[in-house]
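Below is one structure, written out as structure tokens; comments come after it.
Just so it is clear, none of the values below were taken in a lab; they were calculated from the coordinates. Fair warning: this is a prediction, and the values are worked out from it, not measured in the lab. All Cβ positions, glycine included, derive from the backbone under ideal geometry; neighbour counts span all protein chains shown.
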Amino acid sequence: MRVTDAALFDRSQRGLSLVRSSYMAAQQRAMTGKRVNAPSDDPLAASLSRRVQARLARFEAHGRAIDAGDRRLQATDAALSQVGAVMDRIRQIAIQFANDTYGADERAMAAAEVVELKAALVSLGNTEVGGQHLFAGYRDAAAPFDAAGAYSGDGAEPELDVAPGLRVKVGVSGAQAFGVGAGVNLFATFDVLSAALFANDGASVRATIDSIATGVEQVADVRGTAGVRMQALAAARSAVERLSEQSRATQASLVEIDAVEAFSDLARAEHALTAAVQVASMLPPPGLAGGSTR
Amino acid sequence: MAVSSLLGVGRTGLVTHTLGSGMASHGASNVATPGFSRRALELAGIAPPPRHGGGVQALGIRRVIDPFVERRLLGARADAGFATRRAMALGTLDRVLSDDAGLGAALDAFETAVADLAAYPGDRAARTQMLARAEGLATAFRSAATEIRLGVEEADQRIEMEVREVSGALEEIARLGEEIAKSEVRGEEASDLRDHRDELVRQVADRVPVTVVTHPDGRMSLLLKGGLPLVSPDGASPLQTVRDPVTGRVRIERVTAGAAQDVTNSVTSGSIGGLLAARDGALADARADLDQLAFDVASAYNAVHAAGFGLDGVAGRDLFAPPAAAAGAAEAMAVSAAVAGNPDAIGASLDPLALPGDNRNALALAALADAPIAGGATRTVQGALADLLAEAGSAIRAATEGAGRADAVLAQTQALRDSVSGVSLDEQMLDLMQYQRAYQASLRVIEVADQMLEDLLALKR
């Protein structure tokens, strides 16, 4: 085959531009640490990576929902535990002053304590975390209980998505815990007890003991429910973390490049480029046209 | 044979080999001229006496070309022009869809902000964040669609420019045909005109698919794929561009005898064909997909959002400005005026009496991330975007690989053409030396003849 001067130049130019573009690609991979920088680098991996990334973003949102729910349930649990303490004290008072050996003055003093405890109970019923009143249900901007213990919440139990396909309740019903509408109304029980104590009415005091015991159970039940929901959140958290870990690994295998591989690729491309430049700079051999005229 | 006729023989050598040296020098000078074909001097001996004085004559200077290789080169250049231009035009799409560019990231941010709103439905910060993410998503759709539209418009402008260049070249080819015919009738050498014309034909072939028919008188016909003549012995039928009144896209017409004929569909190769393929192929597909996706997102989120009550107890608001139709939906995407700048208007609640903690509509909005609301209710939004990435990515990759292949074929064909018609300096130098020696020999012949004549005249004395 005849080899012409233009063909020699064309070839070295073409070779240089090919080596240059592969050097640039290797450089970009090494700089970004990613094998796939644009969809055309690997269409399938880019497409899968988009799905995985979307999933990872959702897992992060699930993580934040779990945090929010957990904070809420922890605060609910703490509040209900204090409600339990108040109820224990009330039961003690009821049992102690059911005994008719106590006189009117002593019962009146106990009645005053019951009134204090009711105020404490109202305050617990209005527990607020980050602007959300825990026992108000959805209408959580305002305190659900007034001083008398009248309820203005809606008793709803808000839900959150905490894992793929898993929606859990992250609150408990204030109505249920404090016996509004159904169950033993704690505030009314307190009122009955304090009235009975003020009236020095031993029989009425004794009559409250059963409903107080039911109220204690009622609070404990609701607290138990909160505990179960916290456990569900903990399970969801470990599931989401495991799924995230898997997705991150998938993502890495789809688009990331091993650093050693990236740099050895780059070194190879650099070597090829240097060689191509050297070869090109050696062209063309002088030939007959380059020799001296005589 | 007369001694004096030896002088004539020497003279033919001087003339012919001067011509040969000139030809070799011409070749060496044009070593870098694109499209230059090397020349061969055709020599023949002149019949000996009595009829002639003998010697050498140049029958003509021939361009060394192989018409089959030339034809292959035209095809290879059209293919390479097509593939390179198409890949270049699709580069826009690759940038728009690369993950850093943000449509996917904006979608992630929006979907998670909606999910976050469910945890704090009454919280102003969460509402502001979600509104900002909705704006971000709309912006990402808008800028992606705008970039693609600009890519399409750039393709149109390039087509207009290249069609003008092709038309100029067609006129020039027709004019050169005239000139070549006239020159050759007069017996003049027209190789350089032919080289120039061939190079123009190759430049046309870079842009549109053409085949060449040469006529005996030196004129040429250039046929567009499908057989319509762009150049005929009667002259050129130039190309022009018009804008389609419906789509606004550029179409290509062939003008002949004042009448225009649409030839857009014949331009299936060459760089103009590549621009058309990119414009009407992957770019148009991606644009339609983005529009459909934006339409689906806006419609689905609006439908759910309208059921929700804002903190002000008002329901029935759109989240995104409702798109009239899928076409153009991506570029028109925006947060609706009813909620823009008013985070309280976001309808997170299903019950105006359960404000602000009711997050049921926020949960319903968040559930749209997993709902098949795109692609004709078959895919999630993220799934449809992932499919778009796969489809567009494959098209771009195929175009890039095609460009590499077409380029390699072109390089091979060009090398073949060079090996037939290209100039080798070494050869030209050898030719030059050869003609120089022959010239010296002819001088010697004259010297000898002169000596002989002198000797002859000396006989008388």
* Kindly rank B:21-27, A:113-119, B:109-115, A:52-58 from highest to lowest mean number of other beta carbons found within 10 Å of each residue. => B:109-115, A:52-58, B:21-27, A:113-119
* Structure fact -> Relative contact order as a percentage, chain A, C-alpha pairs under 8 Å and 6+ apart, gives 29 percent
* Using a Förster distance of 35 angstrom, determine the FRET efficiency expected from the C-beta separation of A:GLN96 and A:ALA142, and round it to 0.05. => 0.45
* Asked: By how many nm would the segment from A:GLU261 to A:GLN246 grow when fully extended, if each residue of separation counts as 0.36 nm and the alpha-carbon distance is taken off?
  -> 3.1 nm
* Could you point to the residue in B:LEU456, B:LEU416, B:ALA374 farthest towards the positive end of region B:340-461's charge dipole, with +1 and -1 charges on the Cβ of Lys/Arg and Asp/Glu respectively? => B:LEU456
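Please compute the contact order of chain B in relative form: average sequence separation of alpha-carbon pairs under 8 Å and at least six residues apart, divided by the residue count, as a percent.
Across chain B, relative contact order equals 25 percent.
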* To do: Mind computing the radius of gyration and Dmax over the alpha-carbon atoms of region A:125-205? Å is fine for both.
  => 16.4, 59
* Residue mean of other protein chain beta carbons inside 10 Å, B:407-419 -> 4
* To do: Quote the Stokes-Einstein diffusion coefficient, in whole µm² s⁻¹, for region A:68-251, based on the Kirkwood radius over alpha carbon pairs, a temperature of 20 °C and a viscosity of 1.002 mPa s.
  => 121 µm²/s
* If one takes the longest principal axis of the Cα atoms in chain A, at what angle in degrees, from 0 to 90 and to the nearest 10, does the Cα axis of helix A:5-32 lie? -> 20 degrees
* Rg(Cα) / (2.2 N^0.38 Å) computed for region B:33-146, rounded to two decimals -> 2.70
* Counting Lys and Arg as +1 and Asp and Glu as -1, each charge on the Cβ, what is the dipole of chain B about the Cα centre in debye, to the nearest 20? -> 1760 debye
* Structure fact -> Residues other than B:LEU223 with Cβ under 13 Å of its Cβ, Lys/Arg counted +1 and Asp/Glu -1, net out at +3
* Give me the distance between the Cα centres of region B:84-126 and region A:27-45, rounded to whole Å. => 18 Å
* **Histogram of C-alpha separations across the protein assembly as shown, 20 Å bin width, %** => 13, 27, 22, 16, 11, 7, 3, 1, 0, 0
* Structure fact -> Relative to chain A, whose Cα atoms define the longest principal axis, helix A:202-255 and its Cα axis are tilted in degrees, nearest 10, by 0 degrees
* Asked: For region B:78-119, what is the per residue volume of the convex hull drawn over the alpha-carbon atoms, in cubic angstrom?
  -> 46 Å³
* For region B:1-36 and region B:314-379, write down the distance between their C-alpha centroids in whole Å. => 87 Å
* Apply the Kirkwood formula to region B:3-48: the hydrodynamic radius equals the inverse of the mean of 1/r over all pairs of different alpha-carbon atoms; give it in Å with one decimal. => 12.5 Å
* Asked: Which one of A:ALA104, A:ALA141, A:GLN92 has its Cα pushed farthest toward the positive end of the charge dipole of region A:68-251, where Lys and Arg give +1 and Asp and Glu give -1 at the Cβ?
  -> A:ALA141
* Can you tell me the dipole magnitude for the protein assembly as shown around its Cα centre, using point charges on the Cβ only (Lys, Arg +1; Asp, Glu -1), in Debye to the nearest 20? => 3040 debye
* So which helices of chain B fit the span-like rule, where a helix is a whole DSSP H run, its Cα atoms reach 18 Å or more along the axis, and its mean Kyte-Doolittle is at least 0.0? -> B:4-29, B:67-97, B:103-119, B:284-306, B:381-421
